[in-house]
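What follows is a short report on a single structure.
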Amino acid sequence: MEQTIKQAPSIPLSTEVSREEKDRLVRPDLLLRELESEGTEKEISRKHLINKLNSLNFRDHTVHVIFKHKTFPRTITFNALPLPCKDAHLACRWIEPVDLEVLNECYSFHHLYVPKGQQYLEVRPEVLDIAADRIFFGLPETCREISSRKLQRHQCVGITACMLQNGAAYEGSLIDCGAGLFRIAVHVTPPQSYRWIDPNAPVTILFSKENQPLYSGECRIFRHDQGAPTRHFILETIQQQTRRYPPREFRSTRLCLTPPPDAVFRHPLFDKTITLKVYDLSGSGFSVEEDQQGAVLIPGLIIPTLELVFSDGTILPCMAQVVYCRPNESGRTSSVRCGLAVLNMAVADHVRLIGLMHQVADPNAYVCNKVDLDALWDFFFETGFIYPQKYEFIQSNRDKIKATFEKLYHQSPSIATHFVYQHNGRVLAHLSTLRFYESSWMLHHHAAIRSIHNRGGLVVLNMIGRFINESHRLISMQMDYVFCYYRPDNKFPTQVFGGVANHIADPKICSVDTFAYFHLRFGDRAQSDFPAGWCLDIAQEEDLYDLRDFYDAQSGGLMLKGLHLCPERHKCDNVIAAFQEFGLRRERHVLGLRWRDVLAAIVMVNVADVGLNLSDLTNAITIIVVDDQLLTPEIFQSLFYQLSRYYETQEVPVLLYPSQAAHPMGLTTEKSYNLWVYDTQNLDPYFGFLKRLLKSIQH
């Protein structure tokens, strides 16, 4: 039975819908029909209803008070906070002011909606009294629980909204969201006009909070009111999938873990804790399943802080974005499968995740484990990775090298990773990486026990490929390029890295450049100043432009990008600070050797802990000769003397490019090194070649 709240005032009132009413109106005649069509008739006792009302009061959550128009088929909804309840009497305080005159004249109370998780309780109480600040009810013996799929709305606070269509932008805020629908309030400032909006065309929506982007996507206008200057729009999402990254042929390997971890986060739009089971997981993303009736994920939604919580208590925080939501009908349970891409994660946490994935796939594959260093040194000697000439250098710096390895392998710094294949504590294969420049990682120390039964060398090569594939897009990883040095007469790296470069045949994706290698012994150099007109000082931006022009004509590859010697990108301050954070030494000086104003060579002085690389290529001088017509053996002697002040040791390796420049300068070279550089934005060709190579080796 419909109930009049209070006696109508004697003065006549207009039945025209007010501005305040318009703001509260739901779609005429739709709300009740949706409820009645749900068909859910679960009965709930007054005792349980009272407990639920007190729970809402404790969390400052509201109930929905529904009034029905006495003449027209429309309803109006008010939000009210339930006050503490202990018997059949309930008081609720209005959240916003209520116009009692209009309400009593035109409307009668119909029912309450009490939120209950993914459902609502529909309550039809007796109205005892109504006032400007609250309403009083007598609760019935029972109420009914109904599905909330179409009705559940999550109130949003502090979310900035921007609606764009055909070049016009309308600013406002997100009011609530749910079931793929957004309700936003936007305003216009002349000369803007709502007439510019085509209600039959899609709009683009941007949501943010405190300048943090949270969502962008296309929506259709479901309905709107006629407000001015503020207007309310209800928008329906269109896209079921968003593309965070370009499509690739070789994607990250997904695994289903038992027991599965949980994805736990505060929903960025309505600040409620959500916990979902992870269906499958990789180092670059994961998928979850949620009940279709209570779905809260939307393609394009960015979750600034999400935690992957594992059964052993491990928690890995990350930043993620929803990339797709697809219905997943299985049996009688209707669910939605949602895929999320990991946008960022701390390096240490991501390495732990990668390590877990490799352990699940192969118990003998380890990533950044605490290696037994005695076993590792035995491995390097057994494989011949440390040969007599190299051991002479290692033996003379033994204590320093041991201290460096202790930091790299037992402190797990964020600038270094290692991949080990071992069985019963015996190391069978090893490969490590080092973030040596701002966004370039060096691959080095690849070795394996040679045995017909041991595929460890290929395993660690595949492990590091997966690591690059799953890590290079993370902001924290800073992995735009990977590079390595190898000797042309070394068969395996020539087959792999040289083979990749030949197969791709595009130096803008993968390039190989050859350096002459020799040692500079400072004790053998007499003091020698530059002749008049020559100078060596910090390289200027113009010098780096000259270097780029020279290199593009000489090679056209990626060497300058990999070594961070480009005019627009040559500083290494952040990676140097990262080394220092872990007590590791790292310096870099980029110098220009000039005759008057003409650049003759660029000199890169790298200073690092001895043994960071066992060939000491990280503690070396790189000289790139730009104009060999200007240089003479005497100029080189003066250059070497000037460089001695950067090093404490009596000798240091030198890498000279182009390699053929060594002979005219009277320099005796010891060997050649190839510098291989790869652009991580184009990984499909690398994995395509590696797949064919591994198949040919196995057969």
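Throughout, read-outs are computed from the coordinates displayed, never taken from laboratory work. If you're wondering where the values come from, they're calculated on a predicted model, not measured in any experiment. Glycine gets a Cβ as well: all are built from the backbone with ideal geometry, and neighbour counts include every protein chain shown.
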message: Nearest 500 deg cm²/dmol is fine: what mean residue ellipticity at 222 nm does the chain get from its DSSP H runs of n ≥ 4 alone, each adding -39,500 (n - 2.57), divided by its residue count?
response: -6500 deg cm²/dmol
message: Take residue 166 and residue 346, extend 7 Å from each Cα along the Cα→Cβ direction, and tell me the distance between the two endpoints in nm.
response: 5.1
message: If you average the alpha carbon positions of the stretch 338-354 and of the stretch 296-322, how far apart do those two centres end up, in angstrom?
response: 9
message: Can you return the aspartates and glutamates within cross-link range of residue 47? Criterion is Cα-Cα under 12 Å, with same-chain partners fewer than 8 residues away left out.
response: 87, 141
Three-way shape label, the stretch 399-507, alpha-carbon gyration tensor, a/c 1.5: oblate
- prompt: How do 513-522, 200-209, 619-628 rank on mean C-beta neighbours within 10 Å, highest first?
  reply: 619-628, 513-522, 200-209
field: Degrees between helix 373-382 axis and first principal axis of the chain (Cα, 0 to 90, nearest 10)
entry: 50
- line: Simple SL model, points at 7 angstrom along Cα→Cβ for residue 79 and residue 258; separation in nm is 4.5
message: Out of all Cα-Cα pairs in the stretch 615-689, roughly what percent, to the nearest whole number, are more than 15 Å apart?
response: 65
Eligible lysines near residue 70 by straight Cα distance, threshold 22 Å, same-chain separation 8 or greater: 6, 22
task: Based on the mean of other Cβ atoms within 10 Å per residue, sort peptides 416-423, 302-309 so the most packed one is first.
output: 416-423, 302-309
Cα-based reach from residue 695 at 19 Å (exclusive), listing lysines while leaving out same-chain residues under 8 positions away: 491
task: Pairs to check: 42/116; 390/671; 390/561; 561/671; 277/370; 571/671. Give those whose C-alpha atoms are more than 19 Å from each other in this structure.
output: 390/561; 561/671; 277/370; 571/671
- prompt: Given R₀ = 41 Å, FRET efficiency for residue 226-residue 157 by Cβ-Cβ distance, to 0.05?
  reply: 0.95
task: Using a/c under 1.5 as the rounded threshold, could you call the stretch 154-237 rounded, prolate or oblate? The axes a ≥ b ≥ c are square roots of the C-alpha gyration tensor eigenvalues, and prolate needs a/b larger than b/c, oblate otherwise.
output: rounded
task: Treat every Asp and Glu Cβ in the chain as -1 and every Lys and Arg Cβ as +1, leave all other atoms uncharged, and give the resulting dipole magnitude about the Cα centre to the nearest 20 debye.
output: 1600
task: Please report, in debye to the nearest 20, how large the charge dipole of the stretch 154-237 is about its Cα centre when each Lys and Arg carries +1 at its beta carbon and each Asp and Glu carries -1 there.
output: 120
Protection-proxy order for peptides 185-193, 633-641, 435-443, 218-226, each taking the mean of Cβ atoms within 10 Å per residue, highest first: 435-443, 633-641, 218-226, 185-193
- prompt: In 10 Å bins starting at 0, how do the alpha-carbon pair distances of the chain split up by percent?
  reply: 2, 12, 18, 18, 14, 11, 10, 8, 5, 2, 0, 0
field: Prolate/oblate/rounded label for the stretch 94-164 (Cα gyration tensor, a/c 1.5)
entry: oblate
